[in-house]
Amino acid sequence: MSDPPPYHHLTLYTWGTPNGHKASITLEELGIQYKTEAVDIAKNIQKENWFLALNPNGRIPALKDGELNIFESGSIMLYLTDHYDKDHKISYSHGSREYHEMVSWLMWQMSGLGPALASISMRR
């Protein structure tokens, strides 16, 4: 059985998109050391086999912590706060009312606001 996370060997695979920025901002706000690997979505790098091994959906961002792969920006944000925000600088204690409200707002942003704003910006 392997040791549980965190592993403190973070690499963020990303590009300059709103979803990519969410993961970057979370890492920066937590003051975590990490490497960045640019994934040029204009060249469809995210559809190459090596990247699909990180994220089967073939989308950025993806985060690698040791041998653990995390994908989807909301999932990355939750992973980082769960494992690297022990002092709750940007999150709340698991199980608290505030934690569940935070998760509700995060899910709303991921499934409601984010897609709506993307749809509007694509029409311009």
*Wholly within the stretch 25-124, helices (runs of 4 or more DSSP H) carrying at least 1 residues that are in contact (Cβ under 8 Å) with a residue 24 or more places away in the chain and over 18 Å from residue 12 (Cβ atoms)*: 97-108, 114-123
*Among residues of the stretch 31-50, those that are aliphatic (A, V, I, L, M) and crowded, with 18+ Cβ neighbours inside 10 Å, counted*: 1
*For the subset of the stretch 1-16 comprising residues that are of a type in the set (Ser, Thr, Tyr) and surrounded by 15 or more Cβ atoms within 10 Å (Cβ to Cβ), which member is nearest to residue 89 (Cα to Cα)?*
11
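Every number in this text was worked out from the coordinates using simple rules, so none of it is lab data. Keep in mind that what you see is a predicted model, and the values were worked out from it rather than measured. When we count neighbours, we look across all protein chains shown, and the Cβ atoms used for this are built from the backbone with ideal geometry, even at glycine.
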